[in-house]
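The values are calculated or read from the model by the stated rules, or taken from the named source; none is laboratory data. This is a predicted model, so every value here is computed, not measured. Using ideal geometry, Cβ is built from the backbone for each residue, glycine included, and neighbour counts are taken over all protein chains shown.
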Amino acid sequence: MKNIMDYTLDKLEDKLININEKKFRARQIFNWLYINKIYDFDKMNNLSKETIKTLKDNFKNDFIKIEKKQEGKDTFKYLFKLIDDSHIETVLMKHNYGNSICISSQVGCNMGCSFCESGKLKKLRNLEVYEMVQQVLLIEEDLDIRINSIVIMGIGEPFDNYDNVMDFIKIVNSDHGLKIGARHITVSTCGLIPGIKKFSDENLQVNLALSLHAPNDTLRSTIMKINNAYKINDLLDAVKEYIKKTNRRVTIEYVMLRDINDKDEHALELAKILKGLNVYVNLIPFNEVENNIYKKSSKERVLRFLDVLKKHKINVTIRREFGGEVDAACGQLRGRVK
Ligand code: SAH
């Protein structure tokens, strides 16, 4: 039996018809859950006793739990305990233009990028749709805020849990759901080409970010295992195809690792491979983690790298550093209990 929050509106309508309920009940239920934030079937007072019983017989409505919350400057990191006792982390960032949440899509991660903490815990399983939806709902409730934007950049590789991530997006984006605009949702992938291809055909206005991190295969393969499966050339072809189909600009993420990928020659090579593409590069200051061989590039180095890209007419920005004080920054999430 699935959780009621596993269903997109369309799928809930189908399911209700299947169990001899009226299709329009799906909208009523969505309203209760996502607009009125009433989760208890018994309190949905426009439903008959019989319908409520049918719902209870056919859907679970259990919740993941906030196990721990850490507060930094403008950042909150949450450790969630799932029903099966596994753990994930979620980060909430307060910006002057609104609140954004960084959600996890898997328990652990199998992509094995050498600089990232999230991969240290091997993937145990994919998150269910409701486990992603509830990261949003529970943090909104805990902080008494409305979340304005979502990045799927926490623990896990979203395109390795493709279908659930798409349903999650449909629920939070739905006019009968949380109404978070597609343009305020970003999916970040380490570069699973089949995922990028499918995503190109979804007809969604959701943003795509690609974790590139290196301008050539030799270097990329040493820091990102996934590069052995999908080479940069093919990856950029998939990105081109995506841009052609969706007319949307793609974000290229590039984490700045001292003496590894941060030299002028790397910037030049990067400018060359991205030339003419509708992309913008987001330089990510590396967040140092214990027992990790990588170091952060100096400020001067990052600025110089930025300059080289700009000179070659590549759109580029430096990502603001967030959450370092509570280990809530990019690459520091792993769902550890202690
Ligand atoms: N699997 C997806 C989403 C999760 S990672 C992906 O790879 O895109 C989110 C971003 O943080 C990725 O670009 C990742 O490479 C980057 N990242 C990982 N470890 C980091 C660290 N220690 N410092 C800064 N960024 C890091």
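General observations
- Filtering Asn278, Asn203, Asn233 for residues that are surrounded by fewer than 18 Cβ atoms within 10 Å (Cβ to Cβ), modelled with pLDDT under 95 and away from the ligand (no atom under 16 Å from the Cβ) leaves a single hit, Asn203.
- In this structure, Lys179 does not satisfy being surrounded by fewer than 21 Cβ atoms within 10 Å (Cβ to Cβ), within 16 Å of the ligand (Cβ to nearest atom) and more than 15 Å from the chain's Cα centre (by Cα).
- Selection within the range 227-236: residues that are free of Cβ contacts under 8 Å to residues at least 40 places away in the same chain and assigned to a helix (DSSP H, G or I). The member of this set that is nearest to Ser188 (Cα to Cα) is Asn227.
To keep it simple, each residue is scored yes or no on (1) surrounded by 20 or more Cβ atoms within 10 Å (Cβ to Cβ); (2) part of a strand (DSSP E or B); (3) free of Cβ contacts under 8 Å to residues at least 24 places away in the same chain.
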{"position": "Ile29", "(1), (2), (3)": "yes, no, no"}
{"position": "Asp42", "(1), (2), (3)": "no, no, yes"}
{"position": "Ile88", "(1), (2), (3)": "yes, yes, no"}
{"position": "Asn99", "(1), (2), (3)": "no, yes, no"}
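- Count of the range 112-146 residues, restricted to those that are modelled with pLDDT of 95 or more, among the aliphatic types (A, V, I, L, M) and either surrounded by fewer than 20 Cβ atoms within 10 Å (Cβ to Cβ) or within 28 Å of Ala229 (Cβ to Cβ) (or both), is 6.
- Single residue of the range 101-128 satisfying the filter (in a loop (DSSP other than H, G, I, E, B) and of a type in the set (Lys, Arg)) that is farthest from the ligand (Cβ to nearest atom): Lys122
- Scan of the range 237-268 for residues that are in contact with a Ser or Thr (Cβ under 7 Å, 6 or more places away or on another chain) and away from the ligand (no atom under 14 Å from the Cβ), ordered by number: Glu241, Tyr242, Lys245, Thr246
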